[in-house]
1. Check 302, 317 and return the single one that is at pLDDT 90 or above and assigned to a helix (DSSP H, G or I).
2. Of the residues 353, 311, which single one is crowded, with 21+ Cβ neighbours inside 10 Å, charged (D, E, K, R) and either modelled with pLDDT of 90 or more or more than 21 Å from residue 220 (Cα to Cα) (or both)?
3. If a residue has to be under 20 Å from the mean Cα position of the chain (by Cα) and farther than 14 Å from residue 147 by Cα to count, how many in segment 96-130 make the cut?
4. Test each condition in (1) modelled with pLDDT of 90 or more; (2) out of contact with any helix residue (DSSP H, G or I) (no Cβ under 7 Å at 6 or more places or on another chain); (3) of a type in the set (Gly, Ala, Ser) for residue 295 and report the one that comes out false.
5. Among strands (runs of 3 or more DSSP E) lying entirely in segment 182-268, which contain 2 or more residues that are within 22 Å of residue 322 (Cα to Cα) and in contact with a Leu (Cβ under 9 Å, 6 or more places away or on another chain)?
6. Give 174, 189, 213, 167 a once-over and let me know the one that is modelled with pLDDT of 95 or more, over 19 Å from residue 262 (Cα atoms), within 23 Å of the chain's Cα centre (by Cα) and basic (Lys, Arg).
7. Of the residues 19, 99, 118, 104, which is free of Cβ contacts under 8 Å to residues at least 24 places away in the same chain and under 22 Å from residue 129 (Cα atoms)?
8. If I go through segment 61-116 residue by residue, how many of them are over 19 Å from residue 343 (Cα atoms), at pLDDT 80 or above and in a loop (DSSP other than H, G, I, E, B)?
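The values are calculated or read from the model by the stated rules, or taken from the named source; none is laboratory data. Note that the structure is a prediction, hence the values are computed from the model and not measured. Methodologically, a virtual Cβ is constructed for each residue, glycine included, from the backbone with ideal geometry; neighbour enumeration extends over all protein chains shown.
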Amino acid sequence: ARATAVSDEEAAVVELGAADVAEAVDKIRGRLGEIVARPGDFATLGDPGSVELLVFLAHHGRLLRNVLTGDFLAGRLAEAGRIQVVSATPDAYLPLEFAYDFPAPAEDAALCPGAFDALRSPDPATPCRSPHSERTVCPTGFWGLSRIIERHAHQPGDSLPGGFLLRSAPIADRRRLAPGPILLAASERVDAVDPGTTEHLSGRLRSTGDADRVDGWQAWKDKVAAGPALTMLLAHTVYSDTLETYGLEIGHADRCWAGDIDDRFVPPEERPVITALLGCETAAAGRVSYERFPGLFRRAGAEVVFATLTEVLGRHAAPLAGALAEEVADAWRRGPVAAGEVLLRLRRRSLAEGTPAVLAIVAYGDADWLLGGDA
């Protein structure tokens, strides 16, 4: 219903309205879902479908930005390189990644001519050098492509008046995610359109280091006990009429349900882990908030969870999983790198390479976990 923004010793409350936020999220998810319905229209960043999607997101993102920065915290929130979102209810989603800094684009706006060079810059903080007006839409104007946004798990002991709490300062006590093996499981539906997609992804993961693949939940639990550092699920979201709850399907129709997910599904406590849920609607499925998968895996012990807001085709999920593994491996080599920066680089890289489905990925957990560097 409201957002409280905090920076240093200053704070401001912005009334948003729970129904308004829900409607905004539904609109965004609906438009991102068009990538599944018409994948050919989104083959590259410059395709008409991709540009139209960016125009829609930017227009609504500009409205959101204006609401959030229309007070004395305007400068602090607009200029913050890192923003922490704490939700009052488990797994609530405030679409902060789509807040947009540049002028709202016109319906027939063109892609910014400097977009590709800016997205490919090795430093995400480097601004796009092209002029920006209502005649252009530039991906670097989105907060999710220009700064680190972290989502903290709801703490029952905290008292929030409602809505969301925004902070523009990270925690000081940083912890580390040590390098280690990758564990992959995927639904056979990933190969439905392009046979061999999962096997190609497995090879791509092995090229980054030690990687293993399983095809069933019992094998997943057995391998997880050995302590992988990155677990990746390209699962299909399913629903049980009997249990009236959602579940995840891997391999050949091997399913687990929301109530099944506990500490057996993540590595032991002494092995911090990143979990990627790159299936269809893995961040949003669940009629009850505590049934949603990001929260389930976070409560089971995963330190950082990457999940998708909308349905994602296997032909998109597999390249995104490969790119994520490469970004994680690169962070381990050149670290220390914050987990939030890994997602920021993934978004910029994948969008420049023509995979707008990356905009559907959101992160839950502490973005200050560090990859690589001294123990």
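1. 317
2. From the options 353, 311, the qualifying one is 311.
3. Total satisfying the criteria: 1.
4. The failed condition is (1).
5. Correct list: 182-186, 211-214, 230-234, 236-240, 245-250.
6. Going through 174, 189, 213, 167 in turn, the sole match is 213.
7. Step by step, each of 19, 99, 118, 104 is checked, and only 118 is free of Cβ contacts under 8 Å to residues at least 24 places away in the same chain and under 22 Å from residue 129 (Cα atoms).
8. 12
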